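K.L.:
Can you read through this structure? Questions will come right after.
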Amino acid sequence: MLKAVILIGGPQKGTRFRPLSFDVPKPLFPVAGYPTIQHHIEACCKVPDLKEILLIGFYQYQPNDALANFISDMSQQYRISIRYLQEFSALGTAGGIYHFRDQISSGNPEQFILMHGDVCGDFPLVKMVQFHKEHQNKPRITIMVTEATRQQSLHYGCVVENKENHEVLHYAEKPSTFVSTAINCGIYVCSIDVFKQIAVEFSKKQENYFSCLSISGDNGHNKYVIRLEQDIIMPLAGTGKLLAFHTTTFWSQMKTAGSAIYANKHYLDLYHWLHPESSDQMSALAKGFALAQASELENLSSWVMLLFKIIVAYYTV
């Protein structure tokens, strides 16, 4: 048995995605006609013996709001338990799963899938879970990686691996100089004992906080924040507990408004391949949606240019 966890962040995150996130939370923004994280949920539901999907974030949850209605609809559509676990504040990509470790571990799952909510792609989760299970060295984390150009790689987590056994030897998050063209996709399969590794980092955070309390003036929030990539994955590199799973399928981040159009196109192509019987209808819907996105971005650009001209005129008078 296994579970899936999708990290959806919160309202003060994803500011680069504006103006598209003004009216709808970024995780629910429609791409190719479906809310962004519905693509994650659909991919998770294809994994055999997956029993529950947990959404972790710090959006305020209210009955009958967009997020609540979405969870209810998805639970009914895919016939699986989907729950939202609300952080008391932003706890970081590992702090959130550690805070809710009891909920993730309940039912004794062998491992869990962990996905960032702001990535898009044809997620080969079935193959990735099988890859994680087959390795006898019992990795704590398997990272999905894909290839990028040398220049692109500087904007992502970079993975150096042993090509023979796929063990990650070195990991660098957004390095200043070239490290590797293999980049982290933000998709993981984690064994339950990964919480032992996070617990070590959590204890360090507590010790550092209390030792510096008298001079830092810290409000205490930072002692709970744990970053998965920097605080957990980097120390695991070179220990034999971290593996790389390669994919050549479509993948992209969705950090900016413009990236939504790119993701929309690729999800449409993927949908045509998976559902050829309804491709014409989907094509019309997604094409109209892409045009609406492009129009909104064009209008934003016009307003920005107008504002720029006003500022220039003001200071040149």
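The values are calculated or read from the model by the stated rules, or taken from the named source; none is laboratory data. Remember, predicted model here, so these are calculated numbers, not experimental data. Note that each Cβ is placed from the backbone with ideal geometry, even for glycine, and that neighbours are counted across all protein chains shown. Heavy atoms of the whole protein, side chains included, go into the accessibility calculation; ligands, DNA and RNA do not. Shrake-Rupley method; radii C 1.70, N 1.55, O 1.52, S 1.80 Å.
K.L.:
Here are the criteria: (1) touching a helix residue (DSSP H, G or I) at 6+ places or on another chain (Cβ under 6 Å); (2) surrounded by fewer than 18 Cβ atoms within 10 Å (Cβ to Cβ); (3) at pLDDT below 75. Tell me which single one Val225 does not satisfy.
P.N.:
(3)
K.L.:
Restricting segment 1-27 to residues that are modelled with pLDDT of 65 or more and small (Gly, Ala, Ser), which is farthest from Ile141 (Cα to Cα)?
P.N.:
Filtering segment 1-27 for residues that are modelled with pLDDT of 65 or more and small (Gly, Ala, Ser), the one farthest from Ile141 (Cα to Cα) comes out as Gly10.
K.L.:
Here is a follow-up. Quick one: how many residues across segment 128-154 are over 20 Å from Val179 (Cβ atoms) and in contact (Cβ under 8 Å) with a residue 24 or more places away in the chain?
P.N.:
9
K.L.:
Please state which of the following conditions Cys44 fails to meet, knowing it meets all the rest: (1) within 17 Å of the chain's Cα centre (by Cα); (2) open to solvent by less than 20 Å² (accessible area, probe 1.4 Å); (3) free of Cβ contacts under 8 Å to residues at least 40 places away in the same chain.
P.N.:
Condition (3) is where Cys44 drops out.
K.L.:
A follow-up question, please. Tell me which residues, restricted to segment 47-71, are open to solvent by less than 50 Å² (accessible area, probe 1.4 Å) and in a helix (DSSP H, G or I).
P.N.:
Leu67, Ala68, Phe70, Ile71
K.L.:
So Cys190 passes all but one of these: (1) crowded, with 20+ Cβ neighbours inside 10 Å; (2) at pLDDT below 95. Which condition number does it fail?
P.N.:
Answer for Cys190: the failing condition is (2).
K.L.:
Give the residue that is farthest from the chain's Cα centre (by Cα), with candidates limited to residues of segment 241-255 that are open to solvent by 10 Å² or more (accessible area, probe 1.4 Å), at pLDDT 90 or above and of a type outside the set (Ser, Thr, Tyr).
P.N.:
Lys241
K.L.:
Of all residues being among the polar types (S, T, N, Q), more than 21 Å from Thr146 (Cα to Cα) and part of a loop (DSSP other than H, G, I, E, B) in segment 80-108, which is most open to solvent (accessible area, probe 1.4 Å)? Just the residue, please.
P.N.:
The residue in question is Asn108.
K.L.:
Ok, one more. Just for segment 80-96: of the residues that are in contact with a helix residue (DSSP H, G or I) (Cβ under 6 Å, 6 or more places away or on another chain) and either without any contact (Cβ under 8 Å) to a residue 24 or more places away in the chain or β-branched (Val, Ile, Thr) (or both), which one is farthest from Gly186 (Cα to Cα)?
P.N.:
Only one residue fits best here, namely Ile82.
K.L.:
While we're on this one: For segment 161-175, which positions are in contact with an Asp or Glu (Cβ under 8 Å, 6 or more places away or on another chain), open to solvent by 50 Å² or more (accessible area, probe 1.4 Å) and under 17 Å from Leu228 (Cβ atoms)?
P.N.:
Glu173
K.L.:
Assuming Cys158 fulfils every condition listed in (1) hydrophobic (A, V, I, L, M, F, W, C); (2) surrounded by 22 or more Cβ atoms within 10 Å (Cβ to Cβ); (3) in contact (Cβ under 8 Å) with a residue 60 or more places away in the chain apart from one, which condition is it?
P.N.:
The one condition Cys158 does not meet is (3).
K.L.:
Would you confirm whether any residue within segment 207-215 is within 27 Å of Pro25 (Cα to Cα) and either at pLDDT below 60 or of a type in the set (D, E, K, R) (or both)?
P.N.:
no
K.L.:
A follow-up question, please. Please state which one of Gln151, Gln111 is open to solvent by 50 Å² or more (accessible area, probe 1.4 Å), at negative phi and either modelled with pLDDT under 95 or not small (Gly, Ala, Ser) (or both). Don't jump to the end; show me each part of the working.
P.N.:
Values: Gln111 fails: open to solvent by 50 Å² or more (accessible area, probe 1.4 Å).
Of the residues listed, the single one that is open to solvent by 50 Å² or more (accessible area, probe 1.4 Å), at negative phi and either modelled with pLDDT under 95 or not small (Gly, Ala, Ser) (or both) is Gln151.
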